[in-house]
1. What is the one condition in (1) touching a Phe, Trp or Tyr at 6+ places or on another chain (Cβ under 7 Å); (2) within 17 Å of PRO89 (Cα to Cα); (3) loosely packed, with under 14 Cβ neighbours inside 10 Å; (4) not hydrophobic (A, V, I, L, M, F, W, C) that PRO62 does not satisfy?
2. Consider the range 59-94. How many of its residues are farther than 21 Å from ALA15 by Cα and within 13 Å of the chain's Cα centre (by Cα)?
3. Applying the selection to the range 82-95, what residues are out of contact with any strand residue (DSSP E or B) (no Cβ under 7 Å at 6 or more places or on another chain), modelled with pLDDT under 90 and surrounded by 13 or more Cβ atoms within 10 Å (Cβ to Cβ)?
4. So, restricting to strands (runs of 3 or more DSSP E) that lie completely within the range 1-60, which ones have at least 1 residues that are among the polar types (S, T, N, Q) and either out of contact with any Ser or Thr (no Cβ under 7 Å at 6 or more places or on another chain) or modelled with pLDDT of 95 or more (or both)?
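The values are calculated or read from the model by the stated rules, or taken from the named source; none is laboratory data. Small disclaimer: the values here were computed from a predicted structure and weren't measured. Counting neighbours? That spans all protein chains shown, and the Cβs are built from the backbone with ideal geometry, glycine included.
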Amino acid sequence: MAYPKDELEAANKRAAARLSKTPVAVAAHYDPSRGRLVIDLNTGLQIAFRPQEAQGLEEAKPEQLEKIEISPSGLGLHFPDLDADLYLPGLLEGLLGSKRWMASLLGKTGGRATSAVKAAASRLNGRQGGRPKKKTDICDAG
């Protein structure tokens, strides 16, 4: 389906206006001394995070993080040696991966959390025979 030229031009102008108000990446590099990916934004701000915290970069070796390509829009980062991509607006919202991936990390972290209270409750539960069996109600659908 072909769009009229004036509609495409209007859409491009709207996109450019929106993009001009959005933080975009202007530079990115891996800092091995800090063990962080560093992204410079057009706003003058800089964000840095451990690559292990980002989906697709969890197992990356430092040499695989040396080459980073910034998309023409400045909204995406591509790691060609890993065939991995990060979306800058998601990073700025604190999302280092898909919702499903982030949820799995939260689940692992919550399951690993330890405290004196949790350890004591676990010991007491173990002495009492462990987790109680789930009760199932059987209904007659007669």
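1. Single failed check for PRO62: (2).
2. 3
3. Those that are out of contact with any strand residue (DSSP E or B) (no Cβ under 7 Å at 6 or more places or on another chain), modelled with pLDDT under 90 and surrounded by 13 or more Cβ atoms within 10 Å (Cβ to Cβ): GLY90, LEU92, LEU95.
4. The qualifying strands (runs of 3 or more DSSP E) are 46-49.
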